[in-house]
Amino acid sequence: MFDLSPSSLVFPRTSRAIALYGTSCDAVTQWVLKFQSMMTSPSYFVDAIHGEVEEQATVSLSSVGSQFQISSQRLPFSDFYWVNGNHFSAPIQIVINDPFKKNSLEKRKAQLTNVALVISENGIPEYLYEWGVVGSETVCLNPIDVEGLKEWVISIANESILHALVLVGGKSERMGLPKMDLNYHGVPQWKFLESVCQELNIPVVFSCREEQQDFFLSKGKEIVLDRFGSIGPLGAIASAMNSKPGVSWLVLACDMPGLNVDAIRMLIHQRNKKAMATAFRNHERQWYEPLAAIWESQSRGEVFAWLAQSQCPRKLLSVMMTQGVKEANALWYQNVNTPEEKENWLKRRV
């Protein structure tokens, strides 16, 4: 047998996985069957089959009309997985409002990092707002709204996947040493940002210079090389978009040590997937922070067109449709670029 903890399953990086929460296992199965019938492409259902003793459970993968077991946490490839949230977590979540299961759901609220849909007869229940797991962009549909549910399922199945792009290629001339190696949280900053994304189930790609690639590849990390030379972070973003055209990018700079799980969770909760980007709004400087932002896949054309006239990602966000994050903590996106700024940040943190 193997680990059945919520984080035990490893989904392929290019796949989408959605976990259903808030109701019984039997009801989850029925909802998945409905969703699968609405899709035009095949999908799998990840569930747990239990023996007489809970610890003897094994994992079952099933598509419509077939079922088989696997013997490890690593799943065979599929473009799309539906997941029973009573047993496993996934990067995207659906909450089905069942008042009798509220207490059970509350025990798993830490897994509700990216609630995309709430299925409820009377709107989103207040307790989900109180837990801080839903926002203004969370979709709510009535369980009898078949057409609305079908439209949502088709939309999410065709939606771009979110990856994190951690920028480690800067030369850190003002700091005097690589900012990716600075220790603000007990580990190098590149590793801290990776751990933040892993906690939120977001695949991580490191944007680096050619001379850095051996370091990251030796550690088994996925990288993308900046193919636009020394033109700054917009070249790194463009290179990532070129490598994976169907992916939306959560861009994170190593010079913002305040970025943490709460910051990224707020960014995701307030994400406007119809916009070109969602970014923290720096109210002091009156601009959007391009390196603490989600750049949607549909902004790819805008990025490449902009490169013909400018290398400034901040100015690009000001002229294209950008969703600003409300009520953000200014310390999350504060830049630290010199040894003095680093010391001041560490003192303020204490």
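The values are calculated or read from the model by the stated rules, or taken from the named source; none is laboratory data. From a predicted model like this one, the values you see are computed outputs, not experimental measurements. Cβ placement follows ideal geometry from the backbone for every residue including glycine, while neighbour counts extend to all protein chains displayed.
Annotation: of all residues in segment 65-88 being at pLDDT below 90 and assigned to a strand (DSSP E or B), the one that is surrounded by the most Cβ atoms within 10 Å (Cβ to Cβ) is TYR81.
Report the residue count in segment 211-227 for those that are farther than 13 Å from GLY170 by Cα and either out of contact with any Leu (no Cβ under 7 Å at 6 or more places or on another chain) or exposed (fewer than 13 other Cβ atoms within 10 Å of the Cβ) (or both). First the steps, then the outcome.
Let us first name the residues in segment 211-227 that are farther than 13 Å from GLY170 by Cα, namely 213-224, 227.
Still in the running and either out of contact with any Leu (no Cβ under 7 Å at 6 or more places or on another chain) or exposed (fewer than 13 other Cβ atoms within 10 Å of the Cβ) (or both): 214-222, 224, 227.
The qualifying residues number 11.
Within the set of pairs 6+ apart or on separate chains, which have a first residue in segment 262-281 that is farther than 12 Å from ASN114 by Cα, a second that is among the hydrophobic types (A, V, I, L, M, F, W, C) and surrounded by fewer than 19 Cβ atoms within 10 Å (Cβ to Cβ), and C-beta atoms under 6 Å apart? Matching pairs, first to second residue: ALA275/MET321; MET276/MET320; MET276/MET321. Under the condition of being in contact with a Gly (Cβ under 6 Å, 6 or more places away or on another chain) and either outside the structural domain of TRP249 (by TED's automatic domain parsing) or hydroxyl-bearing (Ser, Thr, Tyr) (or both), the residues counted in segment 205-225 number 1. Look at (1) over 28 Å from PRO12 (Cβ atoms); (2) assigned to a loop (DSSP other than H, G, I, E, B) and you find that ARG227 fails only one, number (1).
Would you confirm whether or not segment 128-135 contains a residue that is of a type in the set (Ser, Thr, Tyr) and part of a helix (DSSP H, G or I)? Among the residues of segment 128-135, at least one is of a type in the set (Ser, Thr, Tyr) and part of a helix (DSSP H, G or I), which makes the answer yes. For segment 146-173, the set of residues classified as surrounded by 13 or more Cβ atoms within 10 Å (Cβ to Cβ) and of a type in the set (D, E, K, R) consists of LYS150, GLU151, GLU159, listed by residue number.
With respect to the stated conditions, VAL187 fails to be touching a residue at least 12 places away in the same chain (Cβ under 8 Å), among the β-branched types (Val, Ile, Thr) and either surrounded by fewer than 22 Cβ atoms within 10 Å (Cβ to Cβ) or within 22 Å of ARG300 (Cα to Cα) (or both).
So that you can scan it fast, the table gives a plain yes or no per residue for (1) within 20 Å of the chain's Cα centre (by Cα); (2) at pLDDT 90 or above:
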residue	(1), (2)
VAL204	yes, yes
GLN213	no, yes
SER218	no, yes
VAL224	yes, yes
ARG227	no, no
SER230	no, no
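The test for being in a loop (DSSP other than H, G, I, E, B), surrounded by 17 or more Cβ atoms within 10 Å (Cβ to Cβ) and in contact with a Leu (Cβ under 7 Å, 6 or more places away or on another chain) holds for GLY258. Looking at segment 74-93, which of the residues that are over 21 Å from SER136 (Cα atoms) and of a type in the set (A, V, I, L, M, F, W, C) is nearest to the chain's Cα centre (by Cα)? Result: ALA90.
Could you grab me the full set of residues in segment 123-142 that are over 16 Å from the mean Cα position of the chain (by Cα) and either surrounded by 14 or more Cβ atoms within 10 Å (Cβ to Cβ) or not assigned by TED's automatic domain parsing to the domain that holds GLN30 (or both)? Passing the criteria: ILE124, PRO125, TYR127, LEU128, TRP131, VAL139, CYS140, LEU141.
Which of the residues spanning segment 298-310 are of a type outside the set (Phe, Trp, Tyr), assigned to a helix (DSSP H, G or I) and at pLDDT 90 or above?
Here is the first cut: in segment 298-310, the ones of a type outside the set (Phe, Trp, Tyr) are 298-303, 305, 307-310.
Then keep just the ones that are assigned to a helix (DSSP H, G or I); that gives 298-303, 305, 307.
SER299, ARG300, GLY301, GLU302, VAL303, ALA305, LEU307 - these are the residues of segment 298-310 that are of a type outside the set (Phe, Trp, Tyr), assigned to a helix (DSSP H, G or I) and at pLDDT 90 or above.
State yes or no: is LEU117 of a type in the set (A, V, I, L, M) and assigned to a helix (DSSP H, G or I)?
Details: of a type in the set (A, V, I, L, M): yes; assigned to a helix (DSSP H, G or I): no.
No: the conditions fail for LEU117.
How many residues are in contact with a Ser or Thr (Cβ under 7 Å, 6 or more places away or on another chain) and within 25 Å of GLN189 (Cα to Cα) when one looks only at segment 279-314? Break it down stepwise before answering.
Step one: list which residues in segment 279-314 are in contact with a Ser or Thr (Cβ under 7 Å, 6 or more places away or on another chain), which gives 279, 287-288, 293-297.
Cutting the leftovers down to within 25 Å of GLN189 (Cα to Cα) gives us 279, 287-288, 293-296.
The number of residues fulfilling the criteria is 7.
Residues in segment 94-108 that are basic (Lys, Arg) and buried (at least 16 other Cβ atoms within 10 Å of the Cβ) were compared, and the one that is farthest from the chain's Cα centre (by Cα) is LYS101. The criterion of being surrounded by 15 or more Cβ atoms within 10 Å (Cβ to Cβ), in the same structural domain as GLN36 (by TED's automatic domain parsing), at pLDDT below 95 and out of contact with any helix residue (DSSP H, G or I) (no Cβ under 6 Å at 6 or more places or on another chain) holds for PRO91. Could you tell me whether LEU317 is part of a helix (DSSP H, G or I), over 14 Å from TYR184 (Cα atoms) and either at pLDDT 85 or above or not β-branched (Val, Ile, Thr) (or both)? Spelling it out, LEU317 is indeed part of a helix (DSSP H, G or I), over 14 Å from TYR184 (Cα atoms) and either at pLDDT 85 or above or not β-branched (Val, Ile, Thr) (or both).
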